[in-house]
1. Yes or no: the stretch 92-107 includes at least one residue that is in a helix (DSSP H, G or I), touching a residue at least 40 places away in the same chain (Cβ under 8 Å) and of a type in the set (Gly, Ala, Ser).
2. Any chance the stretch 26-41 includes a residue that's among the acidic types (Asp, Glu), farther than 21 Å from residue 123 by Cβ, touching a Leu at 6+ places or on another chain (Cβ under 7 Å) and surrounded by fewer than 16 Cβ atoms within 10 Å (Cβ to Cβ)?
3. For residue 124, only one of the following conditions fails: (1) modelled with pLDDT under 85; (2) of a type in the set (A, V, I, L, M, F, W, C); (3) not in a loop (DSSP other than H, G, I, E, B). What is its number?
Amino acid sequence: MTQYFLSKGGKTVGPCTLDDLRSYLAYGSVADRDLVRRQDEEDWRELRQLEELQLDQGMDFVQDITRKRRVARYRDYEKVPLPKRAGWVLKEMAVGFFFFPPRLWRAAASVLQERIYRRAADEAGFLKCWPRWVEYFVQFMLIVNAAVWLLLLWIITSNSMPIVREVVKLMKTGIADLQTWMGS
């Protein structure tokens with residue numbers, strides 16, 4: 001695997017891989033005008049002139065990647081923020097679905113707005129993300145959860161209304177009796 005060195009602000013960084021260079025570009029840590037050289041070469045060139053980056057996507061990869069939304073890539077699961085961890089999201093979804101819907105909503109917001117990382121790593125050593133179909137499943141879960149909770153509320157209120165009416169009737173009778181007693 002080819003190793004690269006970067007020169008930025010008079011400092012040399014490296015060795016790093018081509019994947020590291022892509023990450024540095026995506027994060028904005030380096031600019032396409034910063035200098036780079038391969039480990040086995042002596043000459044420095046601007047990063048945008050590195051053929052490996054230009055040929056990767058069949059277009060000028062360096063300019064394209066800086067326009068895209070920056071996406072964090074992690075190698076260590078413990079460094080992933082809690083709302084982006086698969087284990088936390090699954091726990092919140094389960095608790096929220098069965099007991100407390102706001103926890104489901106919070107987990108769903110994480111899934112729909114962020115990438116959720118698993119403990120498994122890809123061939124480059126970065127943590128894998130949940131596939132996009134999970135978003136559709138979470139949306140379905142939210143709809144089912146809302147329907148179930150609405151049905152439960154309807155059942156509870158329809159079964160408890162006769163009891164509520166009886167309690168109100170008893171309270172009115174009790175207040176009337178109390179007023180009669182106090183008036184005499």
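1. Yes; the residues of the stretch 92-107 include at least one that is in a helix (DSSP H, G or I), touching a residue at least 40 places away in the same chain (Cβ under 8 Å) and of a type in the set (Gly, Ala, Ser).
2. Step one: filter the stretch 26-41 for residues among the acidic types (Asp, Glu), giving 32, 34, 40-41.
Now narrow it down to the ones that are farther than 21 Å from residue 123 by Cβ: 32, 34, 40-41.
Now drop any that are not touching a Leu at 6+ places or on another chain (Cβ under 7 Å), which leaves 32, 34.
The next check asks that each one be surrounded by fewer than 16 Cβ atoms within 10 Å (Cβ to Cβ); those that pass are none.
Among the residues of the stretch 26-41, not one is among the acidic types (Asp, Glu), farther than 21 Å from residue 123 by Cβ, touching a Leu at 6+ places or on another chain (Cβ under 7 Å) and surrounded by fewer than 16 Cβ atoms within 10 Å (Cβ to Cβ), which makes the answer no.
3. Answer for residue 124: the failing condition is (3).
Every residue, every condition in (1) out of contact with any strand residue (DSSP E or B) (no Cβ under 6 Å at 6 or more places or on another chain); (2) of a type in the set (D, E, K, R); (3) not assigned by TED's automatic domain parsing to the domain that holds residue 96, yes or no:
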| position | (1), (2), (3) |
| --- | --- |
| 117 | no, no, no |
| 123 | yes, yes, no |
| 143 | yes, no, no |
| 147 | yes, no, no |
| 154 | yes, no, no |
| 157 | yes, no, no |
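The values are calculated or read from the model by the stated rules, or taken from the named source; none is laboratory data. Every value quoted in this text rests on a predicted model; they were computed, and no experiment measured them. With ideal geometry, Cβ positions are generated from the backbone for all residues, glycine too; neighbour counts draw on all protein chains shown.
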